[in-house]
1. For the stretch 4-38, which residues satisfy the criterion of being within 14 Å of residue 50 (Cβ to Cβ) and over 8 Å from the mean Cα position of the chain (by Cα)?
2. Kindly evaluate residue 41 against the criterion of being assigned to a loop (DSSP other than H, G, I, E, B), at pLDDT 90 or above and surrounded by 11 or more Cβ atoms within 10 Å (Cβ to Cβ).
3. Limited to the stretch 2-25, what total is found for residues that are out of contact with any Lys or Arg (no Cβ under 9 Å at 6 or more places or on another chain) and either in contact (Cβ under 8 Å) with a residue 40 or more places away in the chain or assigned to a helix (DSSP H, G or I) (or both)?
Amino acid sequence: MKVLKGRKVLITGSTGFIGANLVRRFLKIGAEVHILTRTTSNKWRIKGVLKDV
């Protein structure tokens, strides 16, 4: 996964169970994370990392 360090990553469905975990994992390894969510989705799963994406 070190190959993704500094790379741009787009995660769709980032407020879901799997997507939220992917967001955290990619941020941890140093990827530049961008997310795509619906405006009506509940963002509680990624609330702690929203400032980093």
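The values are calculated or read from the model by the stated rules, or taken from the named source; none is laboratory data. Keep in mind that this is a model prediction, so the values were computed, not measured. A quick note on method: Cβ atoms are made from the backbone with ideal geometry, for glycine too, and the neighbour counts reach across all protein chains shown.
1. 15, 36, 37 - these are the residues of the stretch 4-38 that are within 14 Å of residue 50 (Cβ to Cβ) and over 8 Å from the mean Cα position of the chain (by Cα).
2. For residue 41, the condition - assigned to a loop (DSSP other than H, G, I, E, B), at pLDDT 90 or above and surrounded by 11 or more Cβ atoms within 10 Å (Cβ to Cβ) - is not met.
3. 7
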